[in-house]
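The values are calculated or read from the model by the stated rules, or taken from the named source; none is laboratory data. Fair warning: this is a prediction, and the values are worked out from it, not measured in the lab. Note: ideal-geometry Cβ built from the backbone for every residue, glycine included; neighbour counts use all protein chains shown.
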Amino acid sequence: MSELTNKPVFKLRIGSVQAAVWENEGPNGPWHNVTFTRAFKQDGEWKSSSSFNRDDLLVLAKVADQAHSYICDQKREPAE
């Protein structure tokens, strides 16, 4: 299945900046990718973008840090 039909395993939003963590299964176990988006309103309609302005960058860094922590926590869980 592609990312378009799967749901993220973790989502985090701070203000208008969002991270979505995607889990994929590989021959060596699961691995993760992260996508970042910024929500904005244009002509009364909500849209999203993958570009960030100066004021978004610190928030993007915080969201990226928390996404990283989530992924690292998944790897710490003991294997059965």
| request: Give the range 25-60 a look and list any residue that's acidic (Asp, Glu) and either within 15 Å of the chain's Cα centre (by Cα) or assigned to a helix (DSSP H, G or I) (or both), or say none. | output: Asp55, Asp56
| message | Taking the criterion of being aliphatic (A, V, I, L, M) and more than 27 Å from Arg76 (Cα to Cα), would at least one residue in the range 18-35 satisfy it? | response | no
| note | Checked pairs for the range 1-18, first over 20 Å from Lys47 (Cβ atoms) and at pLDDT 95 or above, second assigned to a strand (DSSP E or B) and aromatic (Phe, Trp, Tyr), C-beta under 8 Å and 6 or more apart or across chains, list as Val9/Trp22
| Out of all the residues in the range 28-49, which are touching a Ser or Thr at 6+ places or on another chain (Cβ under 6 Å) and of a type outside the set (A, V, I, L, M, F, W, C)? | Thr37, Arg38, Ser48
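Being in contact with a helix residue (DSSP H, G or I) (Cβ under 6 Å, 6 or more places away or on another chain), of a type in the set (Phe, Trp, Tyr) and free of Cβ contacts under 8 Å to residues at least 40 places away in the same chain narrows it down to one residue among Phe52, Phe40; which is it?
Within the list Phe52, Phe40, the selection yields Phe52.
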| Residue list for the range 21-70, filter: among the polar types (S, T, N, Q) and either more than 13 Å from Lys11 (Cα to Cα) or at pLDDT below 95 (or both) | Asn24, Asn28, Gln42, Ser48, Ser49, Ser50, Ser51, Asn53
